[in-house]
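The structure under discussion appears below in the form of structure tokens.
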Amino acid sequence: MCGITGIVYTDEQRHVEQSLIETMCSIIRHRGPDEWGVWNRGAVGIGMRRLKVIDLESGHQPMTNSAKSLHIVFNGEIYNYQNLRDDLQSKGYQFNTSSDTETILYAYEEYGVDCVQHLRGMFAFAVWDSVKHQLFLARDRFGKKPLHYLHDDNKFVFGSEIKSILKHPGVVPEANRPAVGRYLGYGYVPDPETMFTGIKKLLPGHCMIWKNGQIKIKQYWDLNFKPDFPPEAATYYFEEAERLIRESVKIRMISDVPLGAFLSGGIDSSLVVAMMASQSSEPIKTFSIGFDEQEFNELKYARMVAKKYATDHHEEIVKPDAEKVIPEIISNFDEPFSDSSAIPTYYVSKLARRHVTVVLSGDGGDELFGGYDRYLDSRYAEIADQFPQWLVGPVLNFAAYLIPDRFRGGNTMRYLAVGPDRRYAAKMAGSRYRNQCLLHKDLLADLGKASLGSEVEECLSKNRALDIITRRQYADIKNYLVGDILTKVDRTSMLASLEARTPLLDHRLAEFAARLPLSLKVQNRSLKYLLKKIAEKYLPHELIYRPKMGFAVPINKWINSEWHDLSHDLVLSDKAKTRNIFNVRYVNRVFKEHHSGIRNHSGLIWSLMVLEMWYRRYIDG
């Protein structure tokens, strides 16, 4: 695992200074504390920080081919590199290392931009091709590894993290106002935008070529949900899904350094641990985080799995120091990120890093196998959807208008008044009514005509022919999974210099799951049906069929106690009010309702706290 960065100037007479690449590398040292490397020639320079995992002795980067015409920096792991290496050797390529980096290099030499089709794993890499005088960049199918870039008339700058790009003297940090609005809707900034004007993210499953000052972006992969198996083939589904999960776990256990697993006590991480234990001759090292607040504590279930599989288990109780943990998270994410589960993920990463260098996680199971409660509409919504939208919408909106804000029920009426697609977008990005109340009129103007949630609605409409649950899965994979879940895991694990691997997001397993009929994902309103049935062979029944908790944290309690003063000092400061981001009167009401117990606004308050911290660090300086 590494951090990569680089520069190409449009003017070939302009030279990239090695000291600048070194500076851009040093700011992401946490991504690769073991060694660093730089290659620069004239108007081109690339660099990396390396966390040694595979081929500890000879896998140095940047790496070049035998003809000295190609130079690569690579972040990630390629799990099929040994088979790919054999294929390339049969074509005459000679290898000098045992690393997966060199395999990508010769795959590019053999297949060109189509090399990405041959890679199974997580990756973000850049190849400078001196023959074609072009820079080729690619990001893995799900976006497990980040890749940011800035492109203007004079230069192209890229990096695993935005902080590297900001080290370039020609880049001045400026808040991207429309992205501020999107952040307050989603809790993260959806790809390809970032919170900085001019800086973007390469979308998952996409590659890019820079040449002669121009860029071309191409999508090379997408997950197509096309259920096509006959219902009578149920036995095959279960056997093939189990085989693919085992295989996906096995190939991610390849490592030249100590390896373990996150164990939350949920189905997904527990199943991954069970699969690891059944394929290992040594006890698996497992890591769990808990809280004093028992309603958020899953340690009981993690201990069940640890005991069943005799793992070398480690756990801690989280008591976050607000003044320390919030700035650390803000600094590492570069953009505001309000999923509070980043806090325990950060702590469990630090715990794991004391014992191992690589961990496997259970992320992706809910998106692929249908595990989120939000995929199922309420009974009230199902009744409302039986009536024509032109009728039910105006009636329920009028009913909501009649209910004073201080009473409950208005938001529910507005929620039921819209169709299922807009309803789901409201779940993910906030309702239009809430956003109109929250956002300052200047920020609403900056957002323009594009409504918050339009990214989700676009994904839903793209798959109009499919059932609503499958459409929501696709929308989550394209937005929530990459923008929230995978971003959280990458940044928090890398802050601890820990590599995290996600076997349930193996693309071959995902392509199989995308062909499952709905009945094997949701059956009688029971979510994740197929995965639960597979889990019955490995896990206690009590663990599988308990209410879903997620990796939640007691933010509500903390804001009313330990973080009470901090939240007010940040969100309602004079500086924050003058940014013209939120409606001050509305946010004052939010605080009063939250502290009085009328409503739980902890998610919104936390989002505003993080946003203000981001402004102070990156924009105010």
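The values are calculated or read from the model by the stated rules, or taken from the named source; none is laboratory data. Values in this document were obtained by computation on a predicted structure and should not be read as measured data. No Cβ is skipped: glycine too gets one built from the backbone with ideal geometry, and neighbour counts run over all protein chains shown. Just the protein is used for accessible areas: all its heavy atoms, side chains included, with ligands, DNA and RNA removed. Shrake-Rupley method; radii C 1.70, N 1.55, O 1.52, S 1.80 Å.
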| note | Selection over the stretch 205-220 where residues are in a loop (DSSP other than H, G, I, E, B), touching a Lys or Arg at 6+ places or on another chain (Cβ under 6 Å) and open to solvent by 20 Å² or more (accessible area, probe 1.4 Å) yields a count of 0
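Let's see how each residue does on (1) modelled with pLDDT under 95; (2) among the basic types (K, R); (3) open to solvent by 10 Å² or more (accessible area, probe 1.4 Å):
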{"site": "I54", "(1), (2), (3)": "yes, no, yes"}
{"site": "S69", "(1), (2), (3)": "no, no, yes"}
{"site": "Q89", "(1), (2), (3)": "no, no, yes"}
{"site": "F95", "(1), (2), (3)": "yes, no, yes"}
{"site": "Y106", "(1), (2), (3)": "no, no, no"}
| Test: residue in the stretch 33-42 that is touching a residue at least 60 places away in the same chain (Cβ under 8 Å) and assigned to a loop (DSSP other than H, G, I, E, B) | no
| remark: Residue count, the stretch 3-30, condition assigned to a loop (DSSP other than H, G, I, E, B), open to solvent by 10 Å² or more (accessible area, probe 1.4 Å) and either touching an Asp or Glu at 6+ places or on another chain (Cβ under 7 Å) or among the hydroxyl-bearing types (S, T, Y) (or both), comes to 1
| query | Residues in the stretch 289-314 that are part of a strand (DSSP E or B) and at pLDDT 95 or above: how many? | reply | 3
| query | Has the stretch 191-199 got any residue that is small (G, A, S) and open to solvent by less than 10 Å² (accessible area, probe 1.4 Å)? | reply | no
| query | Restricting attention to the stretch 175-186, does a residue exist that is aliphatic (A, V, I, L, M) and either more than 30 Å from L444 (Cα to Cα) or in a loop (DSSP other than H, G, I, E, B) (or both)? | reply | no
| task | Looking for whichever is open to solvent by less than 50 Å² (accessible area, probe 1.4 Å), touching a residue at least 24 places away in the same chain (Cβ under 8 Å), among the β-branched types (V, I, T) and under 16 Å from L504 (Cα atoms) here; the options are V305, V318, V273. Which one fits? | result | V273
| message | One residue is enough: does the stretch 546-567 have a residue meeting the conditions in contact with an Asp or Glu (Cβ under 7 Å, 6 or more places away or on another chain), surrounded by 16 or more Cβ atoms within 10 Å (Cβ to Cβ) and touching a residue at least 60 places away in the same chain (Cβ under 8 Å)? | response | yes
| query | If we keep just the residues of the stretch 473-515 that are more than 18 Å from S338 (Cα to Cα), modelled with pLDDT of 95 or more and charged (D, E, K, R), which is surrounded by the fewest Cβ atoms within 10 Å (Cβ to Cβ)? | reply | R508
| message | Kindly evaluate P190 against the criterion of being assigned to a helix (DSSP H, G or I) and touching a residue at least 24 places away in the same chain (Cβ under 8 Å). | response | no
